[in-house]
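Student: Mind having a look at this structure? Questions to follow.
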Amino acid sequence: MSTDAGPEVAFEARGVSRSFGATRALDTVDFDLRSGEIHALVGENGAGKTTLAKITAGALRPDSGTLRLFGEPYDPRRRSDGSAAGVAHVRQQLSLVRGLTVAQNIELGRPRALGGTGWRPWPRAFNARAARAEVERLAAELDLAVPADELVDDLPLAVRQQAEILISLAWGARLLILDEPSSALGPLETDALVALCLRLRDEGTPIIYISHRLPELARLADRLTVLRQGKVVTAGRDVHDADLRRIAELMIGDITLLDVERPALAPGEVRLDADGLRVAAEHGPGLRDVSLRVRAGEIVGVVGVAGNGQDELAGVLTGQLRPDAGTVCVDETDVTGSPAAAVGAGVALLPEDRTAGLAADFSLAENLIARRVADPQFARLGVRLTKAVQRHARALAERFDVRPPEPALRAGSLSGGNQQKLMAAREMERDPAVLVAAGPTKGLDPHAGRAIRDRCFEAAGRGGAVVIISADLDEVAELAQRVVVLSGGRVTDRFGVEEMTSARLGAVMAGLAWDPAGEGLE
Amino acid sequence: MAKLAELTFWTATISGGLRLATPLIFASLGETIAQRAGVLNIGLEGYMIIGALTSLYVTVESGIAVGLLAGALSGAVLALLMVWLCVRLNANQVVVGFGLTILGVGLTGYIFRLTTPLGAERRQVNILGEIRIPGLSDIPFLGEAFLSNSWMTWLAFGLVPVVWWLAQRTVFGLEVRAVGEDPDAAFARGVDVIRVRSLATLLSGLLGGLGGAAITTALVGVFEPAITAGRGFIALIVIIMVRWSAWGVAVGSFAFGLADALGANLRNIVSDSVPTEALQTIPFLVALIILIIGARRARMPKSLGFNYVPDR
């Protein structure tokens, strides 16, 4: 494929850096995309892939560094500059406007250079017939089943994505950026996407393809670049020669088993028994036959890239989501699909999204009795016993080290760490039979993180079965004794925490089978 | 009661209903666009009353054409405050809206007092004449009832298809719907959300001011404090009832106008046997039922009342 002049470069970034506050999202990154190639950009969540994509599309400006597009200096100030220059960014949250049809979306915001709207004193008629014809012509050319006249809201995600790619091309895209395009697609839809990408590449549109699914990249990409914590770890490696296992390992980085003081826990009887769980999810893989057994005094970590069934698992284990098949038993009581039964059996949940677990505008005291408002301790004849509630709140807040332990304070005014402690106080006030904690120390400072970690140990030490669901491997390494890998809605690997290595985890999380002998791919 | 069977009663009621619908049509047409763009102008009453005062005062000096224009522009000036505070500075739309209503009512009352001799209660101009369509307007009943209207009434109904076209058949209309449904996605598509919302709000101010002008110049020919009597709020109700449809605005405004006229006319003739209030409710009920059945499919703009803050 090389010519005498060498491959032509479609897009080039040199020494690009960008910070958000104290976080360095990109650190002197070099990246180049050749014409006629699909260049995969891989890395963990937060590695800087999307930041680089946004900079390429003009939605973000770099703090430093230079860009070139098709040989010309390129300095987009806003997204519309990017699209006018022919760079189309198809984001994870697709940007077709709901409430309008595909044909209407093709006209909306079309760059002025391409016959789109600019300011003009008189309103321009929207030619619905021409817009429809354009959608239909392109759909036929690309062999896509994109209906022109249906509301975007009614289309399945895969079709919406195709529509957005189609519109990008109609707007004259010369370069496509696809950001995690397959993360919410099923296998057949992914196949169609791969075929579409290959076809576009062959017809001359180079693609930056962001993903962390290595098997898919092996079918699709020509070269790949690995980002980790804002830095390029591997630049423009030829995919066909690369050892995907090594790439997976590079994505993850080193796992350090910190010297956490782990209490000696002696697992007892099975307290949580989830068997054969299946959930069909609208987006993402849902759960496909997941079983999980956790004993008293045991902490199990569920790891995996976000969006591989974690939310569904947390929902089902706490009774909030009814699975299509399978059962969840706590101490041999069936709590499947019943939040009330789950609470009654002693299931506690620390959700990943704190705003979902706390009422930010309510006081500490109100949040702390949220599960027990009608408890005779706190209410008589339907009237709240304010003093008892306050006393209870202060005692509990002090016990769980919520700062400040002021019962009347708004929960939303606490720091993230103290909100997490507050939630823990409510959930673990009485020793839970089962504790499901999703990313419990995510975003916390070391002190607060340590406090929450100790609470998890404490819950296990008192005979609870603890499940930590997290995409943060360090967190799991610190807390769990056993590790379960969730990928594509299935449990793809199980091992003791001492066997957790970056090579093994990287491989299974990226969807490769783990085979210690290291012989080839799945 | 016998009068109810007379044709003249209904002729008067229907043409009265059209007259009373006129300010509502102007105000709700503009507000339909603004709401579709996601901006809730609770200050519509304020736009109307300031338009009512301005148009009357300017008409006295410079004639009707300049008067109407000035009325519309004065509404737009108030709407400019809405644009600045809510669309640009992200203030709460409901709070600012009520503030603008209070401002409009207070300011016009104040100006009226300053400029009116002590003891006088109102200011007058000659109201606009009717336009009759030769031949058609002379058709018994139908012609008299529907086709002998004030200038402003013809203009109001004439604006309905224009606004419909603007909302449904232009790129601006698409942009308006896009920023009212899903401003983040619209922004990502390259639509200038702030500009579209600003224009839509100004349009609401222009037409709100014109609606107010219709009251003073076409309906009563008088300005007195609080002359709009809550019509700005009625217009907001009309829009919700007809679910943001321009044609619906015409029908809904007429329904309210008719109810108004019927109530007024019935009061003159009703016998002791039926309470006036009971009679007055009938058209409202009928209008409600018709509109609820007739306009079910349209839906509320998803981002109505929510400011757009670009996340960058």
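Student: Answer yes if at least one residue in region A:175-183 is assigned to a helix (DSSP H, G or I) and either in the same structural domain as A:Gly43 (by TED's automatic domain parsing) or at negative phi (or both), and no otherwise.
Tutor: No: region A:175-183 contains no residue that is assigned to a helix (DSSP H, G or I) and either in the same structural domain as A:Gly43 (by TED's automatic domain parsing) or at negative phi (or both).
Student: Let me ask something additional. Could you figure out which of (1) surrounded by fewer than 23 Cβ atoms within 10 Å (Cβ to Cβ); (2) within 14 Å of chain A (Cβ to nearest Cβ) isn't true of B:Val220?
Tutor: B:Val220 satisfies all of (1) surrounded by fewer than 23 Cβ atoms within 10 Å (Cβ to Cβ); (2) within 14 Å of chain A (Cβ to nearest Cβ) except (2).
Student: What is the number of the single condition among (1) crowded, with 23+ Cβ neighbours inside 10 Å; (2) aliphatic (A, V, I, L, M); (3) in a loop (DSSP other than H, G, I, E, B) that A:Leu505 does not meet?
Tutor: (3)
Student: Identify, from the list A:Arg120, A:Arg112, A:Arg124, A:Arg77, the residue that is open to solvent by 20 Å² or more (accessible area, probe 1.4 Å), at pLDDT below 90 and either within 8 Å of chain B (Cβ to nearest Cβ) or in contact with an Asp or Glu (Cβ under 6 Å, 6 or more places away or on another chain) (or both).
Tutor: Sole residue among the options that is open to solvent by 20 Å² or more (accessible area, probe 1.4 Å), at pLDDT below 90 and either within 8 Å of chain B (Cβ to nearest Cβ) or in contact with an Asp or Glu (Cβ under 6 Å, 6 or more places away or on another chain) (or both): A:Arg124.
Student: Specify the residue that is farthest from the other protein chains (Cβ to nearest Cβ); the eligible residues are those in region B:160-190 that are within 25 Å of B:Leu18 (Cβ to Cβ) and open to solvent by less than 40 Å² (accessible area, probe 1.4 Å).
Tutor: B:Val160
Student: May I ask you to list the residues in region A:402-447 that are open to solvent by less than 30 Å² (accessible area, probe 1.4 Å), among the charged types (D, E, K, R) and not in a helix (DSSP H, G or I)?
Tutor: If the condition is that a residue be open to solvent by less than 30 Å² (accessible area, probe 1.4 Å), among the charged types (D, E, K, R) and not in a helix (DSSP H, G or I), then no residue fits.
Student: For region A:359-375, give me each residue that is touching a Lys or Arg at 6+ places or on another chain (Cβ under 9 Å), among the aliphatic types (A, V, I, L, M) and open to solvent by 20 Å² or more (accessible area, probe 1.4 Å).
Tutor: Result: A:Ala360, A:Ala370, A:Val373.
Student: Going through region A:420-455 one residue at a time, which ones are among the hydrophobic types (A, V, I, L, M, F, W, C) and out of contact with any helix residue (DSSP H, G or I) (no Cβ under 8 Å at 6 or more places or on another chain)?
Tutor: Within region A:420-455, A:Ala433 is the sole residue that qualifies.
Student: Mind listing whichever residues of region B:233-267 are touching a residue at least 60 places away in the same chain (Cβ under 8 Å), closer than 30 Å to B:Ala120 by Cβ and either open to solvent by 20 Å² or more (accessible area, probe 1.4 Å) or in contact with a strand residue (DSSP E or B) (Cβ under 6 Å, 6 or more places away or on another chain) (or both)?
Tutor: B:Phe233, B:Ile234, B:Asp260, B:Ala264, B:Asn265
Student: Just name the residue that is nearest to A:Leu41 (Cα to Cα) out of those in region A:465-502 that are β-branched (Val, Ile, Thr) and part of a helix (DSSP H, G or I). Spell out how you get there, then give the answer.
Tutor: Filtering region A:465-502 for residues β-branched (Val, Ile, Thr) gives A:466-469, A:476, A:483-485, A:491-492, A:497, A:501.
Now restrict to residues that are part of a helix (DSSP H, G or I): A:476, A:497.
Numbers: A:Val476: 26, A:Val497: 29 Å.
Here the answer is A:Val476.
Student: Search region B:216-232 for residues that are closer than 18 Å to B:Gly63 by Cβ and pair each with any residue that is among the charged types (D, E, K, R) when their beta-carbon atoms are under 8 Å apart and the residues are at least 6 apart or on different chains.
Tutor: Listed by first residue and then by second, the contacts come to B:Ala218/B:Arg19; B:Val222/B:Arg122; B:Val222/B:Arg123; B:Phe223/B:Arg122; B:Phe223/B:Arg123.
Student: What are the pairs, 6+ residues apart or on separate chains, where a residue within region A:90-103 that is on the phi > 0 side of the Ramachandran plot and at the interface with chain B (Cβ under 10 Å from one of its Cβ atoms) has its Cβ under 9 Å from a residue that is assigned to a strand (DSSP E or B) and aliphatic (A, V, I, L, M)?
Tutor: Qualifying pairs under 9 Å: A:Gly99/A:Leu151.
The values are calculated or read from the model by the stated rules, or taken from the named source; none is laboratory data. Just so we're clear, the structure is a prediction, and the values are computed from it rather than from any experiment. Quick reminder, even Gly has a Cβ in these numbers, built from the backbone with ideal geometry, and neighbours come from all protein chains shown. SASA here: full protein model, heavy atoms, side chains in, ligands and nucleic acids out. Shrake-Rupley method; radii C 1.70, N 1.55, O 1.52, S 1.80 Å.
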